[in-house]
Amino acid sequence: MSLLLICFFWNLISCKKELLGYDQVINPVWEYNYNVGLTRVIEPVISEGFVIYASASEKRNDLSANQKLIAMYKDNGKVEWEWEDHFESSYQNFGPNSLKPVYDGRIAVTIGGRNFCVDLENGKTLWKNRNSNSSSSSDLNMLDHLLYRIDISLDEHVERIMEGSFLSGNWKPIYEVNGGDSIRQGLEIPAFYFEPDGDTMMVLTNTIRKNSVNKIIPRLISYNKTQDSTYYDIQLDDDPDVYSAVDWFPEIYGDRIYLSVDDHMVCCDLYTGEIIWRSYMQANNLASNFLIIDGSIYIHVEGDGILWCFDAEDGSMIWRKQSKGNPSFLNYYEGKLIYVAGGKLWITDANDGATLATITAPSAYKNPDAFFSPNCTVDPETGNIYVTSWTTAYCYPPYEKE
């Protein structure tokens, strides 16, 4: 009997390898079907031995179902808990590319003006609140145990940076601007650095739309949070037009600030705001982040989909490669860039941009609409790749060159 069981399982494994989608350069370590049909998802979050995905809580034909968080053990995909403690019963969806900070065994998430903190061990809500005087809220970022988000008040045409405690969920405004005359203007989440005397500095951007001249004017601001004073406030585009928005919050690397502004990568002096160089990218960086690794900048733009590598020192192009549109966040692991674009998982050599592998979601062989969604996270400890199609969560092993 035991011999028959061994033969049965051996045949089962062999058959799966012969199935379409399971005979590629790398194949899933595990997978998990959400069983709700096509569903919106998020960038997987890795922490405390878990990987956190999201899916619709149930299948609804009108796409009104709330999303739930799903915590799985990252090594085997076993579900530990699910969370869906929303204020409303419909249309509560997490931003697919939004930041979801983790601190001291808890994760913070936001949906519009609703904020939540969830215990990573058991999926219980630690606190939740909603913004009574605001119409919208953006991504979360964090510094130590403090959270930062943007509130937008449409009635007042005011935007505020809000600071909150990861432990209590109490919020207070720390910076405010008049947002102009259109929702297209916007503050971005700040980046932080510290002066030698201990002052906390915020670097942020404010993009203001002027309907009277049909232009969007991006500004770079350095603000001393400790002293409550503006250090500098400069215009980032000498000839702005309707597309001149800042598409990702500023990144500080050494004594410089890096930003994607319209179809350019821009480098500024951290202490003066002076523009050091601008490099043309052909399209905007609308959906992805950008990475700065060992003096190189990696950024994936939209449109036809191009992955660029620039020298962080002078902005010169090191290489560029044709990719696909609608990208996920970029991930870097042992000299490789890993991301999803055009519905496929890409593994690219970070040194020269050579394509090492493109992987098709196994679910797409059953349903052509179930390709990889633009969401991808790489575990920095193991190199395992966590991705999700529109129906299924996957864990892939690291790619190894032959």
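Against the longest principal axis of the chain, how steep is helix 2-18, in degrees 0 to 90 to the nearest 10, with axes from Cα atoms?
Between the helix axis and the principal axis of the chain, the angle is about 50 degrees.
Each residue of the range 273-288 in turn: what ³J(HN,Hα) in whole Hz from Karplus with 6.51, -1.76, 1.60 and θ = phi - 60°, glycine and Pro shown as x?
x, 4, 6, 8, 7, 9, 10, 6, 10, 6, 7, 7, 9, 8, 10, 10
Check PHE50: other-chain or 5+ apart residues with amide H under 5 Å from its amide H, H built from backbone geometry?
Those lying under 5 Å, H to H, from PHE50 are LYS74.
Could you compute the net charge surrounding ILE70? Neighbours are other residues with a C-beta less than 14 Å from the C-beta of ILE70; K and R count +1, D and E count -1.
Residues close to ILE70 contribute a combined charge of -2.
Modelled label-to-label distance, ASP304 and ASP119, 7 Å Cα→beta-carbon offset: nm?
5.4 nm
Mind listing the phi-derived Karplus ³J(HN,Hα) values for the range 70-86, rounded to whole Hz, using 6.51, -1.76 and 1.60 with θ = phi - 60°, and x for any glycine or proline?
10, 9, 10, 5, 5, 8, 9, x, 5, 6, 9, 7, 10, 9, 7, 8, 8
Name the residues whose placed amide hydrogens come within less than 5 Å of the amide hydrogen of TYR175, ignoring near sequence neighbours (fewer than 5 apart) on the same chain.
Sorted by chain and number, the residues that satisfy this are ILE161.
Per-residue ellipticity at 222 nm for the chain, helices alone: DSSP H runs ≥ 4 residues times -39500 (n - 2.57), over residue total, nearest 500 deg cm²/dmol?
One gets -1500 deg cm²/dmol as the mean residue ellipticity at 222 nm.
Check cross-link reach from LYS344 to the lysines: straight Cα distance under 28 Å, and skip same-chain residues fewer than eight apart.
LYS16, LYS17, LYS59, LYS68, LYS74, LYS78, LYS100, LYS321, LYS324, LYS336, LYS366, LYS401
Which Cα, out of GLY198, TRP171, PRO362, lies furthest along the positive dipole direction of the chain (beta carbon charges, K/R +1, D/E -1)?
PRO362
Can you list the GluC sites (Glu not before Pro) in the range 17-122 that are in a DSSP coil and have 12 or fewer other beta carbons within 10 angstrom?
Sites meeting the loop and neighbour criteria: GLU88.
Points 7 angstrom from Cα along the Cβ direction at GLU381 and THR272: gap in nanometres?
The answer from the label model is 4.5 nm.
Near the amide H of HIS264, under 5 Å away, which other amide H atoms are found, from residues 5 or more places off or on another chain, if H is placed in the peptide plane?
Sorted by chain and number, the residues that satisfy this are MET281.
Tell me the label-point distance for the pair ALA283, LEU167, using the 7 Å Cα-to-Cβ offset, in nm and rounded to one decimal.
4.6 nm
State the label only: which of (i) 22.2, 81; (ii) 26.2, 93; (iii) 26.1, 98 corresponds to Rg and Dmax of the Cα atoms in Å computed from the shown model?
Only one listed value fits the structure, namely (i).
Given a Förster distance of 45 Å, report the FRET efficiency between ASP104 and LEU38 from their Cβ-Cβ distance, rounded to the nearest 0.05.
My answer for the efficiency is 0.80.
Normalising by the residue count of the range 40-178, find the relative contact order in percent from Cα pairs under 8 Å and 6+ residues apart.
For the range 40-178, the relative contact order is 14 percent.
The numbers here are math on the coordinates, done by the rules we state, and not lab data. Predicted model only: the values in this text are computed from it and were never measured. Using ideal geometry, Cβ is built from the backbone for each residue, glycine included, and neighbour counts are taken over all protein chains shown.
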